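Some notes on the structure that comes next.
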Amino acid sequence: MLDSFNAKLTIGAATALLFSISAGWLGAQSSVQPVNDLPDPYQTIEGWAKMPEGRTWGSTSAVDIDTDGESIWVGERCGSNTCANSNLDPILKFDASGKLVKSFGAGMFVFPHGIFVDTQDNVWITDGQGKDGKGQQVFKFSPQGKVLMTLGKRGVAGDGPDTFNQPSDVLVAPNGDIFVADGHSPTSNARIVKFTKDGKFIKQWGMHGSGPGEFETPHALAMDSQGRLFVGDRTNNRIEIFDQHGNLLDEWTQFSRPSGIFIDKNDVIYVADSESTDKEGYGYHPGWKRGIRIGSAKDGKVIAFLPDPNPTGASSAAEGVAADAAGNVYGAEVGPRALKKYVKK
């Protein structure tokens with residue numbers, strides 16, 4: 001599917017891979033046992049974020065934190081699981097009390113999916129589907145809702161340097177480089193695309209598969225204090241860690257099936273698993289329970305687990321995840337259509 005200018009891993013990535021294999025980490029990671037029995041130091045706050053009168057929550061996988069450390073940005077699917085034909089604002093900002101203080105983006109989206117708030121409080125959103133000449137793009141908004149940049153061609157699915165096919169997430173590095181996780185299904189793309197801060201294509205890497213550096217549903221992005229790029233390779237039940245040039249550094253399976261990843265300034269990592277199931281077929285990950293796992297991005301140790309209270313159906317509880325400066329955790333839910341807040345007991 002990918003075009004010829006990026007059909008293989010770079011030489012540097014191959015070198016890193018050979019080193020990793022010689023060190024034996026691939027075998028060690030594959031033997032990780034389910035991590036389910038850990039403390040849950042949080043209590044759940046439902047109905048924290050107040051929607052405008054007459055409006056109900058739709059599906060949402062997109063949640064991030066404002067640079068003030070306490071306000072919450074959400075990409076919500078217009079009271080449904082799509083914003084197609086809706087005149088509602090899908091991008092919402094709530095203050096620390098849960099009051100809605102800003103909204104925008106009406107009529108612009110089909111399927112808001114991934115979100116990232118950069119150091120200037122610009123809000124980046126991926127539109128993960130296409131319909132009626134809209135979608136398949138990444139938007140950069142000012143905090144007031146002005147469109148500052150678009151990536152991709154409106155309503156056009158593709159695998160070139162200026163098109164996407166079901167982009168799942170976006171991240172901006174400290175130097176301004178833009179990373180897009182492009183792909184959400186077996187028939188879409190399966191790659192990471194890198195751009196300059198001005199939106200000029202730099203490179204791409206990855207393809208469909210389960211091998212090192214390959215992806216099946218690159219669903220989530222996060223970056224730690226070292227500048228390592230964490231990719232939630234959801235269908236392969238793993239996190240792959242790269243440098244910013246696309247060289248594979250490590251693979252973690254101890255955080256289960258990653259739908260959402262958030263890393264705070266102290267390198268605490270939060271990983272939401274909304275899909276694991278013992279049933280064969282989609283989401284098959286026997287022995288692992290759904291929920292949010294919390295640990296260290298430095299050494300990969302998992303220290304806490306917020307279990308899904310009702311782990312049934314195709315997708316449940318938090319798919320997107322974020323944490324504020326006080327350590328409160330926010331789970332954006334697709335199936336239950338809610339935004340949960342988790343505070344320490």
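The values are calculated or read from the model by the stated rules, or taken from the named source; none is laboratory data. These figures come from a predicted structure and were not determined experimentally. Note that we place each Cβ from the backbone using ideal geometry, even for glycine, and neighbour counts take in every protein chain shown.
Quick notes
- Test result for K134, at pLDDT 95 or above, closer than 24 Å to A318 by Cα and not acidic (D, E): no
- Number of positions in the stretch 179-196 that are closer than 21 Å to G232 by Cβ and in a loop (DSSP other than H, G, I, E, B): 8
- Exclusive hit being in contact with a Cys (Cβ under 7 Å, 6 or more places away or on another chain) and more than 13 Å from L92 (Cα to Cα), set F139, F109: F109
- None of A332, A304, A297, A323 is small (G, A, S) and closer than 16 Å to E46 by Cβ except A332.
- Residues in the stretch 125-136 that are surrounded by fewer than 24 Cβ atoms within 10 Å (Cβ to Cβ), farther than 14 Å from R77 by Cβ and touching a residue at least 24 places away in the same chain (Cβ under 8 Å): G130, D132.
- Condition check for F201: in contact (Cβ under 8 Å) with a residue 24 or more places away in the chain, closer than 16 Å to T217 by Cβ and aromatic (F, W, Y): no
- Of the candidates G155, G211, G160, G176, the single residue that is touching a strand residue (DSSP E or B) at 6+ places or on another chain (Cβ under 7 Å), surrounded by fewer than 22 Cβ atoms within 10 Å (Cβ to Cβ), modelled with pLDDT of 95 or more and in a loop (DSSP other than H, G, I, E, B) is G155.
- The residues of the stretch 83-119 that are within 14 Å of Q129 (Cα to Cα) and crowded, with 21+ Cβ neighbours inside 10 Å, listed by number, are C83, M108, F109, V110, F111, P112, H113, G114.
- Index of the failed condition, G227 passing every other in (1) farther than 29 Å from A106 by Cα; (2) touching a strand residue (DSSP E or B) at 6+ places or on another chain (Cβ under 6 Å): (2)
- Total residues in the stretch 32-65, condition free of Cβ contacts under 8 Å to residues at least 60 places away in the same chain and at negative phi: 5
- Residue within the stretch 146-163 that is among the charged types (D, E, K, R), within 27 Å of D89 (Cβ to Cβ) and within 19 Å of the chain's Cα centre (by Cα) present: no
- From K298, K265, K289, K341, residue being in contact (Cβ under 8 Å) with a residue 40 or more places away in the chain and either buried (at least 24 other Cβ atoms within 10 Å of the Cβ) or in a strand (DSSP E or B) (or both): K341
- The one condition in (1) charged (D, E, K, R); (2) in contact with a helix residue (DSSP H, G or I) (Cβ under 7 Å, 6 or more places away or on another chain); (3) not in a loop (DSSP other than H, G, I, E, B) that E319 fails to fulfil: (2)
- Any hit, the stretch 64-82, residues being of a type in the set (K, R), within 24 Å of Y342 (Cβ to Cβ) and crowded, with 20+ Cβ neighbours inside 10 Å: yes
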